[in-house]
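For reference, the structure discussed in these notes is given below.
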Amino acid sequence: MDIWEERKQEDDLPPNEYSYQLIAGIAENQTDIDKAISDVSADWRLDRMSAVDRAILRIGAYEILYVQSVDTPVAISESLLLAQELSGEESPTFINGVLGGLAARPNPATNSPI
C-alpha cells in the first residue's frame, strides 16, 4: 500500500474510502478470489485473461464474496459497466458468465448461496 499512501499525500482530494477498502481487501484475499474465479471460468486460466478483465473480475468477486453491503446483482451490474467502458467487445458477456457462476455457488463462509 505504499503507492496508495503516497498518492493520498499528493492529491488535493482525499481518495474514496471504498476504493481503498477494495484495494486492501482484494490484496488481502487475492489467492482465494483468484481460486474462486478459476473454479468457475472453466477453460480460461487467469493468465490467459486480459489484465483489465482480470481486475474487473477480482473487484466483482471481492464484492460478491466479502462485501455484505453490496448486493450480488449490483456487484455484477457494476462489473459489467466497467467491462463495457474499459474492455473488449466480448468482455461483458464473459464477465457476466464468470460472476454469475460465482454467485450461484455456495458461499464458503456460510455454505449457503451467495
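The values are calculated or read from the model by the stated rules, or taken from the named source; none is laboratory data. On a predicted model such as this, the values are computed, not experimentally measured, just so you know. Counting neighbours? That spans all protein chains shown, and the Cβs are built from the backbone with ideal geometry, glycine included.
Does at least one position in region 55-70 carry a residue that is without any contact (Cβ under 8 Å) to a residue 40 or more places away in the chain, more than 13 Å from the chain's Cα centre (by Cα) and more than 21 Å from Ala27 (Cβ to Cβ)?
Within region 55-70 (the criterion being without any contact (Cβ under 8 Å) to a residue 40 or more places away in the chain, more than 13 Å from the chain's Cα centre (by Cα) and more than 21 Å from Ala27 (Cβ to Cβ)), the answer is no, since none of the residues qualifies.
For residues that are of a type in the set (Lys, Arg) and closer than 19 Å to Ile23 by Cα, tally how many sit in region 51-106. Talk me through it step by step, then tell me what you get.
Looking only at region 51-106, we keep the residues that are of a type in the set (Lys, Arg), and these are 54, 58, 105.
Still in the running and closer than 19 Å to Ile23 by Cα: 54, 58.
The number of residues fulfilling the criteria is 2.
If Ile33 satisfies all but one of (1) out of contact with any Phe, Trp or Tyr (no Cβ under 9 Å at 6 or more places or on another chain); (2) surrounded by 12 or more Cβ atoms within 10 Å (Cβ to Cβ); (3) at pLDDT 95 or above, what's the number of the condition it fails?
Ile33 satisfies every listed condition except (1).
Under 6 Å between Cβ atoms, at least 6 apart or on separate chains: pull out the pairs that start in region 78-104 with a residue that is within 16 Å of Leu46 (Cα to Cα) and end on any residue that is part of a loop (DSSP other than H, G, I, E, B) and modelled with pLDDT under 95.
Val98/Ser41
Across region 47-105, which residue is farthest from Ala36 (Cα to Cα) among those that are of a type in the set (S, T, N, Q) and in contact with an Asp or Glu (Cβ under 7 Å, 6 or more places away or on another chain)?
Ser87
Picking from Tyr18, Tyr62, which residue would you name as being modelled with pLDDT under 95 and either in contact with a Cys (Cβ under 9 Å, 6 or more places away or on another chain) or among the aromatic types (Phe, Trp, Tyr) (or both)?
Unique residue meeting the criteria: Tyr18.
What is the residue count in region 70-92 for residues that are under 16 Å from Ser50 (Cα atoms) and touching a helix residue (DSSP H, G or I) at 6+ places or on another chain (Cβ under 9 Å)?
10
Mind counting the residues in region 39-93 that are crowded, with 19+ Cβ neighbours inside 10 Å and acidic (Asp, Glu)?
Counting residues in region 39-93 that are crowded, with 19+ Cβ neighbours inside 10 Å and acidic (Asp, Glu) gives 2.
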